[in-house]
Amino acid sequence: MNDLRFAFRLLAKSPTFTLAAVLTLALGIGANTAIFTVVNGILLRPLPYPAPQELVTFRAQQSVLELNDIAEQSRSFSGIGGIGLQATDFSGGGEPMQLEVGLVAGDFFSVLGTRPALGRVLAAEDNRFGAGRSLVLSHAFWQRQFGGDASVLGRTITLAGQSYDVIGVTSADFRSPHGTPDAFASLPVFYPEAAKSRGAHLLRVYGRLRPAVSMAEAKTEQRVIDDRLARTSPEENKGRASVLVSLHERLVGDIRPALLLLFGAVGMVLLIACANFANLLLARNAARAHELSIRAALGASRAQLIRQVLSESLLRALLGGLAGLLLGSWGVDALLALKPEDLPRVENIQLDAGVMAFTLGLALLTGLLFGLLPAWQATRVNLNGMIGLGTPRLTSGPSALRSALVVIELALALILLVGASLFGRTFLRLTNANPGFRPQQLLTLRVELPEARYQDVARQTQFREQVLDRMNTVPGVQAAMVSELPLGGNAIDHNFLIEGQPLLPAGDEPSLYNRSVAGDYFRVMGIPLRQGRSLTREDRSETPTVGVVNEAMARQYFSDQSPLGKRLRWARNEGVDWITIVGVVGDVRHFGLGRMDEAAIYTLYAQSGQEWKRWSEFVVRADGAAQGAALIAQLKGELWKVDPLIPVSKVRSMSEVLAVSLSERRFNALLIGVFALVALSLSAIGLYGVIAYLVEQRTREIGVRMALGAQRHQVLGLIMRHGLVLGLLGLALGMAGALMVGRLLTSFLIGVGPTDLASLGTISLVLLGVVVVASYLPARRAAALNPNLALRHD
């Protein structure tokens, strides 16, 4: 307690030094607190389900029939169920609304241990063909739409033209592992056609392992089931190989590498802050060498001196931790504002007791580890050399240690700067990538047609053509439709056969992505026509079915000849016979700006024969005066003149779609860039402090040199030489580290090599420039010294 009281008095007597030390640590600890809060919420906190370690899922989606087969044949699961998402219309007053309904099958709710807040949830008997139309509302939708009214139980709600009875409301803390549905219904009841198709892989499947069953045993059994399904239904399951993973891994596996990368980057910032903290303590303790020697002469043991100095270090570190906790809370708010749109488990990101304990523990550990060495150095007193001297002199040991710490800081800063440069160049390359279409002045709107009123292709085609006709009458507007929007995250492929090529065994046929369109889609999107012609309204259901392929399909399957006039058909019955290729269009970056398009064919909605394809994305190019909210309201109005009950959702500009597709890379590049700038600033401050203290230490020597005729430029060069040597050492060490770290970043980079010479060269010059500035400022002060005053310096 005496040591702590004395430490408090010392801190109060040197507020500038205390503030510098606290702020240095606060920057490093605050950044770590913010990132750890995200890592803790997403990666470390258990899933919000009973016994979450028993929950597993399949990598690939399954059909209802496949789910039923697995449930019947597996002995590893105590329960198994699945969920798929379906947009549907809901007329709840005012503008037509689109809901996202979770279509469940099997024991979905019981597997997750869901307890309703009201009524009951769907059970296995509700998920059979011919069962009653029952609906479970999510707690959020119940509160938002019905004000939490308990009388909603038993009420009839119309979805997609069908009446459903509300039987329950989920609890407020229930989170579906797949999306955030507004309501839940039975897939076999809501969408029986899809539920009866083995090829309709709509379900994310979740199972709960029996207590005595391991993951390895479940995988072994699933391989046996896969082989059985491959033999009984080869058309859909030939070569089937299910991949079982834990539910936690499924939810966070994709984001884990990026979060761990950010955690590693912010750890480097903390190391630099700690090195600066240690340097400050070394300088402070060197100034107190005379005081410590007197304490030793009066009988204080070395252990007592170390305890005293360490108490001061821990106290400063604790204050830095408290300040870091405040900065960290602000950092969490900033991270949540900048987060990618699809960041999982975002509701768990919060400053809780665990994060606070981590922050304070980190602060105390920092104070202990990085205060111990300065304390050890400070208490190496030489009584004969120190007692009686008016001015203590720092030995070469602490000076060498401080220089070594600065070299490490510069090396870490270089590694972070190179990483930030690689991420930044990747992001810029993707931003400037040609998406294959013109996104400027392009607006998108999603529409889902209800099955009850649009059961067949003819009715769907009539609606689509009438709406497009009305939208195209708006001045300056060109409108078309597509089933899967580029960069929208959706795609549908089918096995296919090419006329004249040998027949392949069922299940071995290649696959081709199919995108349905209406209107002059390629002209509206700005996708160039390379060969042949486009699809037109003259291509009707009663005329031969035609299609336009992309260049990827033409290269892959018709590399030595023109695809025009060639015919293909789907290997399974998809409602049409032969499709004649009449054109070739340019590739679009459908799956991401960093990934080229795969083989695809565009066909007309009117000729698809796929009555189940009731969704569509309107793409509207607005070159006229109408823009923004006014244009959106006008387009909706034209649609509702055709059918006033159809909801319009996901109204976005194509620029927004592009931005969302890049949001994760923007997030990573921005954060690592900020960390790198903080690291560079801390390193520059650390180097400045070492050189400034060197000038202070060698003031008498500088005075002697100048008295003997040394010129100012010679003094300037003498001091700067020391800083440049440290900078070059840090540069060499950092370059080696950057080359090793760059190889670890390969999976995050696109179009930029991990040993990118341009990045390494540019960053090296930037760091060298910072070293020159940080060394020049104290060197200039040394060169301006008055020799008479320098010789009298004590």
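The values are calculated or read from the model by the stated rules, or taken from the named source; none is laboratory data. Note that this is a predicted model, so its numbers are computed, not measured. Positions of Cβ are backbone-derived with ideal geometry, glycine not excepted, and every protein chain shown enters the neighbour counts. Heads up: the accessible areas ignore ligands, DNA and RNA and are worked out on the full protein's heavy atoms, side chains in. Shrake-Rupley method; radii C 1.70, N 1.55, O 1.52, S 1.80 Å.
Before moving on, here are some points about what is shown:
- Filtered residues of the range 461-511 (kept if small (Gly, Ala, Ser) and either farther than 30 Å from ASP342 by Cα or modelled with pLDDT under 90 (or both)): GLY476, GLY488, GLY489, ALA491, GLY500, ALA506, GLY507
- Selection within the range 534-549 - without any contact (Cβ under 8 Å) to a residue 60 or more places away in the chain and of a type outside the set (S, T, N, Q): GLU538, GLU542, PRO544, GLY547, VAL548, VAL549
- Note on the range 757-770: residues that are out of contact with any Ser or Thr (no Cβ under 8 Å at 6 or more places or on another chain) and either open to solvent by 20 Å² or more (accessible area, probe 1.4 Å) or of a type outside the set (A, V, I, L, M) (or both) total 8.
- Any hit, the range 222-233, residues being touching a strand residue (DSSP E or B) at 6+ places or on another chain (Cβ under 9 Å) and outside any strand (DSSP E or B): yes
- Any chance PHE463 is surrounded by 18 or more Cβ atoms within 10 Å (Cβ to Cβ) and more than 36 Å from the chain's Cα centre (by Cα): yes
- Scan of the range 536-553 for residues that are touching a Ser or Thr at 6+ places or on another chain (Cβ under 9 Å) and either modelled with pLDDT under 95 or under 21 Å from ARG572 (Cβ atoms) (or both), ordered by number: ASP539, ARG540, SER541, PRO544, THR545, VAL546, GLY547
Here's the yes/no breakdown for (1) outside any helix (DSSP H, G or I); (2) within 20 Å of LEU416 (Cβ to Cβ); (3) open to solvent by less than 70 Å² (accessible area, probe 1.4 Å):
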residue	(1), (2), (3)
HIS722	no, no, yes
ALA732	no, yes, yes
MET735	no, yes, yes
SER747	no, yes, no
THR755	yes, yes, yes
LEU777	no, no, no
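- Listed by position, the strands (runs of 3 or more DSSP E) enclosed by the range 96-158 include none that has at least 2 residues that are at pLDDT 95 or above and open to solvent by 60 Å² or more (accessible area, probe 1.4 Å).
- Top-ranked residue of the range 22-69 - restricted to ones that are in a helix (DSSP H, G or I) and in contact with a strand residue (DSSP E or B) (Cβ under 6 Å, 6 or more places away or on another chain), ranked as surrounded by the fewest Cβ atoms within 10 Å (Cβ to Cβ): GLU54
- From GLN143, GLN162, residue being among the polar types (S, T, N, Q) and touching a Lys or Arg at 6+ places or on another chain (Cβ under 9 Å): GLN162
- Qualifying residue in the range 254-269 (condition: at pLDDT 90 or above and in contact with a Lys or Arg (Cβ under 7 Å, 6 or more places away or on another chain)): no
- Residue that is nearest to ASP587 (Cα to Cα), among those in the range 510-521 that are open to solvent by 20 Å² or more (accessible area, probe 1.4 Å) and of a type outside the set (Gly, Ala, Ser): TYR513
- Among the residues of the range 137-158, those identified as of a type in the set (A, V, I, L, M) and touching a helix residue (DSSP H, G or I) at 6+ places or on another chain (Cβ under 8 Å) are LEU137, VAL152.
- Residue within the range 418-435 that is outside any helix (DSSP H, G or I), modelled with pLDDT of 70 or more, open to solvent by less than 20 Å² (accessible area, probe 1.4 Å) and not polar (S, T, N, Q) present: yes
- Criterion violated by PHE174 - all others in (1) touching a helix residue (DSSP H, G or I) at 6+ places or on another chain (Cβ under 9 Å); (2) open to solvent by less than 20 Å² (accessible area, probe 1.4 Å) satisfied: (2)
- Of ALA200, ALA218, all but one fail to be in contact (Cβ under 8 Å) with a residue 60 or more places away in the chain, assigned to a loop (DSSP other than H, G, I, E, B) and among the aliphatic types (A, V, I, L, M); the exception is ALA200.
- Scan of the range 466-486 for residues that are open to solvent by 50 Å² or more (accessible area, probe 1.4 Å) and of a type in the set (Asp, Glu), ordered by number: ASP469
- Of the residues making up the range 535-556, just one is of a type in the set (Val, Ile, Thr), assigned to a loop (DSSP other than H, G, I, E, B) and surrounded by 19 or more Cβ atoms within 10 Å (Cβ to Cβ), namely THR545.
- Cβ pairs under 7 Å, 6+ apart, first in the range 479-491 and part of a loop (DSSP other than H, G, I, E, B), second of a type in the set (Lys, Arg) and surrounded by fewer than 20 Cβ atoms within 10 Å (Cβ to Cβ): SER483/LYS613
- Filtered by the rule that a residue be open to solvent by 40 Å² or more (accessible area, probe 1.4 Å), of a type in the set (A, V, I, L, M) and at pLDDT below 90, the range 557-612 gives a lone residue, MET596.
- Of all residues in the range 227-239, those that are among the polar types (S, T, N, Q) have Cβ atoms under 6 Å from Cβ atoms of residues that are open to solvent by less than 70 Å² (accessible area, probe 1.4 Å) and part of a helix (DSSP H, G or I), 6 or more apart or on another chain, in ASN237/LEU229; ASN237/ALA230.
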